[in-house]
Each structure stands twice: as structure tokens, then as C-alpha cells.
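Peer 1: Below you'll find the structure I mean.
Here, each number is a calculation from the coordinates, and none is a lab measurement. What you see is a predicted model; the values in this text were computed from it and never measured. Backbone-built Cβ (ideal geometry, glycine too); neighbour counts: all protein chains shown.
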2 protein chains.
Amino acid sequence: MTNRRDARTADRILDAAERLVQTRGFNAFSYADVSKAVGIQKASLHHHFATKTDLGLALVARYRRGFLEALRSIEAGSGEAVERLARYVELYGSVLRQKRMCMCGMLAADVATLPKAMRQSVASFFAENEAWLARVLDEGKLRGEIRFDGSAVSMADFFVSSLEGAMLVARGSGKLEHFDAVGRHLLAGVRGARARPRRRPG
Amino acid sequence: MTNRRDARTADRILDAAERLVQTRGFNAFSYADVSKAVGIQKASLHHHFATKTDLGLALVARYRRGFLEALRSIEAGSGEAVERLARYVELYGSVLRQKRMCMCGMLAADVATLPKAMRQSVASFFAENEAWLARVLDEGKLRGEIRFDGSAVSMADFFVSSLEGAMLVARGSGKLEHFDAVGRHLLAGVRGARARPRRRPG
DNA sequence: GTCTATAGGCAGATAGAC
DNA sequence: GTCTATCTGCCTATAGAC
């Protein structure tokens, strides 16, 4: 039902809205902002996304798909758990370098004001995310590539919390470089036993 | 210039606005919301805080004072570093149990839309916070009460990031209990060497 | 210090022409 | 699919009486 031109416009709307949500939050951007960014009238936006809730749901759905795809591509690479985790950390780092917050981290802050369906989709993002991480952590531990105490699931939660928080605090404190320090700390924590840096492999 | 009654009203306004900011964010509450909560007309609010920016600045200033006071009271207690850190974690936990986000964590999400003066005050919150934590970590390490790799400052950043993120993700995923798991993980990480739980002290 | 009334602007959303 | 025009409601903020 949507021809090529329509699909392209919808995507451009999603691109603009995504950037706005990730930098300003769901309540701090308007159809007027998207209108300016895309070069289309406000009313026309409603043709593609009838309500702001519809737009929000489409944004989160697309973001989740994109994130899952990125996770799959991480698994397509090296099988070493530490490398996979490093690429996972970099997934967040690349978002921050665009001066954006993780979309679902941002929406987590806005959660009290979101339509219920959006809240559920945001919760699913975290669930999917943590499930993938827990699997990678578990496999890595079984292969002896990484070490950690407690369950893989709780370690996965810890990773996600620390990375989301590192993005948040980096933005709030104005020191984006702090994200990388947190990322390195997180990886060091699973790499060896309380790693003092080693000159050469064990 | 402000009599007792005035001061009390200003405090009640700050209390209501604080709750709203911590649950909804700075852009998602209005003078109308505060008006309802306090039981005073919207226009009267402007007598106490002429603009929303003024209100926001007063909120962050008060929050910073309160937080620093809480930090001082933590230092008044036991000198054991682990206990101080546990009480520090609990400072965040008690906020989350009220279904609130750390005010400055919330404002960190809103940072792109905040007046510059508010942004600076939010950045100062994180700086003060991390300076205090770094001192506690440093002293604890010197006394041999805790262990960690890297500088006290980077460990302090890691603590703050993880705790802010744990609050954010707990709210976003709807699983408030995940905060406590992160808090425990953080404390376990400094308590001993890759601590398997010990039955009795060393 | 608090009130009523209102200004002026922007929000999300709709109607209907093209 | 995009446009112009418009609606209704809420926003921050101000004026001025009491």
C-alpha cells in the first residue's frame, strides 16, 4: 500500500525524529521540529504517523530491530567473548559520539509520561538486550575466556546499567570521555582475575 | 525580605516541583501541575519563582545541598569504607523506592533542552559527587579496607555511572529490584579479591 | 502573597483542496 | 501525499485588583 516514495519519506521522518528523541527526549520534540528537519509540512507528517504515539512506537520498534541486527553482526565476528563484549560496548560508544543518548535509555527517563504501549516496547528492548548479553557472557565463561561472579543474567544487567549510566553521566557532566573509562573498566572486570595489567599472555 | 509564611510556601513549591522533575523530567511538568499539587494558583507561583528557569535553578541548588548534607552524614557514621559505600548506594536506592529518578540523572537526560545555568549546576552535582566518592575510595584503599584497580577518581566515575544507570534501567525495564543487584555487585567488586562469599572474616 | 483575567505562542491533530 | 487553514487546549508569563 505504500509506494517507494512514501516509504522513503516515512524513513526520513523516522531518522529525524530518532535524532530528536535521542538528543532531547520524547516530550521535548514536536512535529514542528520534525517538519523543519525533513522539509515537509506538519500536517503531512500525520499522513505517515497519525499520532505522536504512533510515531513513537515506530521509532522504538525500528530501534529494537536495528539493535538486534547489530548484536547479530557482533556474533558474526570473532568468537572471543572479550572481543564481542568490546564491540558491544562500542555500540553504545558510537551513539554517544554522535552526542546522542541510547534511545531506550532516554525513553526510560521519560517513562512516566509515555503511552503504555511505548513503555512495554522500551521494557522489551532491555529484556532482549540483557538476554543476548547473558548468553554471550555465559558462553564466554564456559569457554574460560572470561570470568565473573554471580549469574550471567545479573552480570548482563550490570553491563547494561553501567553503559546506560555512563552515557547519561557523560552527557550530564559534559565529559564524554568518561564513557570510555567506564567501558574499559567493565571489560577489565571480566577479562582476568582483578587484572593487574600483564605484559604478555599468561 | 521573605517572612516565614513565604519561605514555607516556596519550600512546598520546591517539594512538589522536585517530585515532578524526578518522576517526569523538566520538560514534562508545568506550573499547572505544581499549582494543583500545592493548592495555589499558577500566577502565584511566579511570585516565588519568576520563571521556570529560576525554579529549576533553585531545585538543583537545593538538591545539591541536600545531597552534600547526606554525604557528610555518611562520613559521620562508621569509618569503614565498605559501609560508607553501602550507605552511598542506599542513598540512590531510597530515591528509586520512591519511584523517583536521581534529579540530576533525570536532568542529564534533558540536558540538551536546559538553560545553560542549569546545565552547569547539573555538571557540578556530578563533580561534587565524584570528588566525595573518590576521597572515600582513596582512604579506604589506603587503610586496606577495600581493593580496586585504577585510580580512585575513575572508580568513583564508575560507581556513579553504574548507580545512575541502574536507576534508569530499573525504571525503563519496570524491574526496580535490578537496582539492588547492581548495588550489591558494585560493593562486591571492591570488597575483596573477586570475592567468593566468605563464611567468616579473614 | 494570592487572586482573576488574559496575553501570545506552540502543542498535537483535523478538514478539505489540489 | 502534500498543501493551507484552522481548531482546541496547554504552555509560560504578565497586569492589576484585593
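Peer 1: Condition first: touching a residue at least 40 places away in the same chain (Cβ under 8 Å) and charged (D, E, K, R). Can you find one or more residues in the range B:53-61 that meet it?
Peer 2: no
Peer 1: Sticking with this one: Could you check the range B:24-76 for helices (runs of 4 or more DSSP H) lying wholly inside it with 3 or more residues that are within 11 Å of DNA strand C (Cβ to nearest atom)?
Peer 2: In the range B:24-76, B:31-38, B:42-48 are the helices (runs of 4 or more DSSP H) which contain 3 or more residues that are within 11 Å of DNA strand C (Cβ to nearest atom).
Peer 1: Do we have residue A:107 as surrounded by 20 or more Cβ atoms within 10 Å (Cβ to Cβ), outside any loop (DSSP other than H, G, I, E, B) and either touching an Asp or Glu at 6+ places or on another chain (Cβ under 6 Å) or within 14 Å of chain B (Cβ to nearest Cβ) (or both) here?
Peer 2: yes
Peer 1: So, one more: Kindly indicate whether any position in the range A:128-145 is within 20 Å of residue B:113 (Cβ to Cβ), under 17 Å from the mean Cα position of the chain (by Cα) and not charged (D, E, K, R).
Peer 2: No, the range A:128-145 contains no residue that is within 20 Å of residue B:113 (Cβ to Cβ), under 17 Å from the mean Cα position of the chain (by Cα) and not charged (D, E, K, R).
Peer 1: Okay, moving on. Residue B:41 versus (1) within 16 Å of DNA strand D (Cβ to nearest atom); (2) within 14 Å of another protein chain (Cβ to nearest Cβ); (3) of a type outside the set (Asp, Glu): which is the lone unmet condition?
Peer 2: With (1) within 16 Å of DNA strand D (Cβ to nearest atom); (2) within 14 Å of another protein chain (Cβ to nearest Cβ); (3) of a type outside the set (Asp, Glu) applied to residue B:41, the lone miss is (2).
Peer 1: Tell me which of these residue A:86 doesn't satisfy, since it passes every other one: (1) outside any helix (DSSP H, G or I); (2) more than 15 Å from DNA strand C (Cβ to nearest atom); (3) of a type outside the set (Ser, Thr, Tyr); (4) more than 12 Å from the chain's Cα centre (by Cα).
Peer 2: (1)
Peer 1: Based on this model, can you work out whether residue A:20 counts as within 12 Å of DNA strand C (Cβ to nearest atom), among the hydrophobic types (A, V, I, L, M, F, W, C) and free of Cβ contacts under 8 Å to residues at least 60 places away in the same chain?
Peer 2: Yes.
Peer 1: Here's a follow-up. Within the range A:128-185, how many residues turn out to be within 12 Å of chain B (Cβ to nearest Cβ) and basic (Lys, Arg)?
Peer 2: Adding up the residues that qualify gives 4.
Peer 1: Here's a follow-up. Just checking, does the range A:84-97 include any residue being touching a helix residue (DSSP H, G or I) at 6+ places or on another chain (Cβ under 8 Å), hydrophobic (A, V, I, L, M, F, W, C) and within 16 Å of DNA strand D (Cβ to nearest atom)?
Peer 2: Within the range A:84-97 (the criterion being touching a helix residue (DSSP H, G or I) at 6+ places or on another chain (Cβ under 8 Å), hydrophobic (A, V, I, L, M, F, W, C) and within 16 Å of DNA strand D (Cβ to nearest atom)), the answer is no, since none of the residues qualifies.
Peer 1: Which one of A:29, A:49, A:67 is within 14 Å of DNA strand D (Cβ to nearest atom) and among the aromatic types (Phe, Trp, Tyr)?
Peer 2: Criteria check complete, one pass: A:49.
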